[in-house]
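Written below as C-alpha coordinates is the structure these notes are about.
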Amino acid sequence: MLDNQKAVLAVKALDSKKGLDVEVLKVADLTVLTEYFVLVTGTSNTHIRSLAEEVEFQLEQAGIRPDRIEGKATGWILLDYGDVIVHVFSAEQREQYCLEKLWADAQPEDLSGLVTEN
(Lines give C-alpha, C1' and ligand atoms only; values in the text may rest on other atoms or scores of the structure.)
Protein backbone atom coordinates (compact mmCIF):
# COMPACT_ATOMS: atom_id res chain seq x y z
CA MET A 1 0.00 0.00 0.00
CA LEU A 2 1.25 3.45 -0.92
CA ASP A 3 2.46 5.29 2.18
CA ASN A 4 3.89 8.55 0.78
CA GLN A 5 1.58 11.46 1.69
CA LYS A 6 2.41 13.50 -1.41
CA ALA A 7 1.81 10.57 -3.74
CA VAL A 8 -1.46 9.66 -2.00
CA LEU A 9 -2.73 13.25 -2.27
CA ALA A 10 -1.70 13.41 -5.92
CA VAL A 11 -3.43 10.11 -6.76
CA LYS A 12 -6.63 11.19 -5.01
CA ALA A 13 -6.58 14.55 -6.80
CA LEU A 14 -6.08 12.89 -10.19
CA ASP A 15 -8.84 10.39 -9.50
CA SER A 16 -11.23 13.17 -8.46
CA LYS A 17 -10.75 14.81 -11.86
CA LYS A 18 -11.22 11.54 -13.78
CA GLY A 19 -7.59 11.00 -14.73
CA LEU A 20 -7.10 7.83 -16.77
CA ASP A 21 -4.74 4.94 -16.01
CA VAL A 22 -3.31 6.37 -12.79
CA GLU A 23 -0.16 4.49 -11.81
CA VAL A 24 2.51 4.96 -9.17
CA LEU A 25 5.97 3.52 -9.68
CA LYS A 26 8.43 3.27 -6.81
CA VAL A 27 11.79 4.18 -8.35
CA ALA A 28 13.74 4.91 -5.16
CA ASP A 29 16.04 1.90 -5.64
CA LEU A 30 16.71 2.80 -9.29
CA THR A 31 17.54 6.51 -9.23
CA VAL A 32 18.57 9.34 -6.91
CA LEU A 33 16.17 11.72 -8.68
CA THR A 34 13.04 10.81 -6.74
CA GLU A 35 11.26 8.05 -4.86
CA TYR A 36 7.99 7.85 -6.81
CA PHE A 37 6.62 8.60 -10.25
CA VAL A 38 2.89 9.24 -10.44
CA LEU A 39 1.60 8.75 -13.99
CA VAL A 40 -1.79 9.74 -15.42
CA THR A 41 -3.37 10.32 -18.82
CA GLY A 42 -5.66 13.21 -19.67
CA THR A 43 -8.18 13.22 -22.51
CA SER A 44 -7.48 16.73 -23.87
CA ASN A 45 -5.17 19.70 -23.28
CA THR A 46 -7.84 21.22 -21.04
CA HIS A 47 -8.16 17.99 -19.05
CA ILE A 48 -4.38 17.70 -18.73
CA ARG A 49 -4.13 21.24 -17.34
CA SER A 50 -7.07 20.58 -15.01
CA LEU A 51 -5.43 17.42 -13.66
CA ALA A 52 -2.13 19.21 -13.02
CA GLU A 53 -3.88 22.19 -11.40
CA GLU A 54 -5.87 19.91 -9.10
CA VAL A 55 -2.72 18.13 -7.92
CA GLU A 56 -1.04 21.48 -7.32
CA PHE A 57 -4.11 22.78 -5.44
CA GLN A 58 -4.58 19.71 -3.25
CA LEU A 59 -0.93 19.51 -2.27
CA GLU A 60 -0.80 23.25 -1.62
CA GLN A 61 -3.78 22.82 0.74
CA ALA A 62 -1.54 20.41 2.68
CA GLY A 63 1.28 22.99 2.72
CA ILE A 64 3.27 21.28 -0.03
CA ARG A 65 4.56 23.32 -2.97
CA PRO A 66 6.28 21.94 -6.07
CA ASP A 67 9.98 22.51 -6.58
CA ARG A 68 9.18 23.11 -10.25
CA ILE A 69 6.50 22.67 -12.87
CA GLU A 70 7.34 22.09 -16.52
CA GLY A 71 5.42 21.64 -19.76
CA LYS A 72 2.28 23.66 -19.09
CA ALA A 73 2.02 24.43 -22.83
CA THR A 74 2.60 20.84 -23.97
CA GLY A 75 0.91 17.45 -23.82
CA TRP A 76 3.06 16.44 -20.84
CA ILE A 77 3.05 18.41 -17.59
CA LEU A 78 5.59 17.48 -14.93
CA LEU A 79 5.12 18.52 -11.30
CA ASP A 80 8.29 17.97 -9.27
CA TYR A 81 7.74 17.59 -5.52
CA GLY A 82 11.21 16.25 -4.77
CA ASP A 83 10.46 12.72 -3.59
CA VAL A 84 7.39 12.53 -5.87
CA ILE A 85 7.26 13.52 -9.53
CA VAL A 86 3.82 13.69 -11.14
CA HIS A 87 3.63 13.16 -14.91
CA VAL A 88 0.37 14.27 -16.56
CA PHE A 89 0.31 13.04 -20.15
CA SER A 90 -1.81 13.14 -23.25
CA ALA A 91 -2.43 9.60 -24.53
CA GLU A 92 0.02 10.24 -27.39
CA GLN A 93 2.80 11.53 -25.13
CA ARG A 94 2.34 8.70 -22.64
CA GLU A 95 2.56 6.13 -25.42
CA GLN A 96 5.55 7.85 -27.04
CA TYR A 97 7.66 8.13 -23.87
CA CYS A 98 6.30 4.98 -22.19
CA LEU A 99 7.85 5.56 -18.77
CA GLU A 100 6.38 2.27 -17.58
CA LYS A 101 8.68 0.42 -20.00
CA LEU A 102 11.63 2.75 -19.48
CA TRP A 103 11.37 2.13 -15.73
CA ALA A 104 10.28 -1.51 -16.06
CA ASP A 105 12.32 -2.48 -12.98
CA ALA A 106 10.31 -0.07 -10.83
CA GLN A 107 7.85 -1.46 -8.31
CA PRO A 108 4.21 -0.59 -9.15
CA GLU A 109 2.31 0.52 -6.06
CA ASP A 110 -1.08 -0.86 -5.05
CA LEU A 111 -3.66 1.91 -5.43
CA SER A 112 -6.59 -0.08 -4.02
CA GLY A 113 -8.86 2.23 -2.11
CA LEU A 114 -7.28 5.34 -3.65
CA VAL A 115 -8.79 5.26 -7.14
CA THR A 116 -12.27 4.43 -8.35
CA GLU A 117 -12.68 1.62 -10.83
CA ASN A 118 -13.39 2.85 -14.38
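The values are calculated or read from the model by the stated rules, or taken from the named source; none is laboratory data. Remember, it's a predicted structure, so these values are computed and weren't measured experimentally. All Cβ positions, glycine included, derive from the backbone under ideal geometry; neighbour counts span all protein chains shown.
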Residues that are over 11 Å from the mean Cα position of the chain (by Cα), of a type in the set (D, E, K, R) and either within 16 Å of Phe37 (Cα to Cα) or modelled with pLDDT of 95 or more (or both), drawn from the range 64-91: Arg65, Asp67, Arg68, Glu70, Asp83
Single match in Glu60, Glu100 (criterion: of a type in the set (D, E, K, R) and modelled with pLDDT under 95): Glu100
Extreme residue, surrounded by the fewest Cβ atoms within 10 Å (Cβ to Cβ), among residues of the range 64-105 that are free of Cβ contacts under 8 Å to residues at least 12 places away in the same chain and at positive phi: Cys98
Extreme residue, surrounded by the most Cβ atoms within 10 Å (Cβ to Cβ), among residues of the range 45-63 that are touching a residue at least 40 places away in the same chain (Cβ under 8 Å) and closer than 21 Å to Gln96 by Cβ: Ile48
Glu35 surrounded by 14 or more Cβ atoms within 10 Å (Cβ to Cβ) and among the acidic types (Asp, Glu): yes
Residue match in the range 32-39 (condition: β-branched (Val, Ile, Thr) and touching a strand residue (DSSP E or B) at 6+ places or on another chain (Cβ under 7 Å)): yes
Among (1) surrounded by 23 or more Cβ atoms within 10 Å (Cβ to Cβ); (2) farther than 16 Å from Asp83 by Cβ; (3) aliphatic (A, V, I, L, M) - the single one Leu20 does not satisfy: (1)
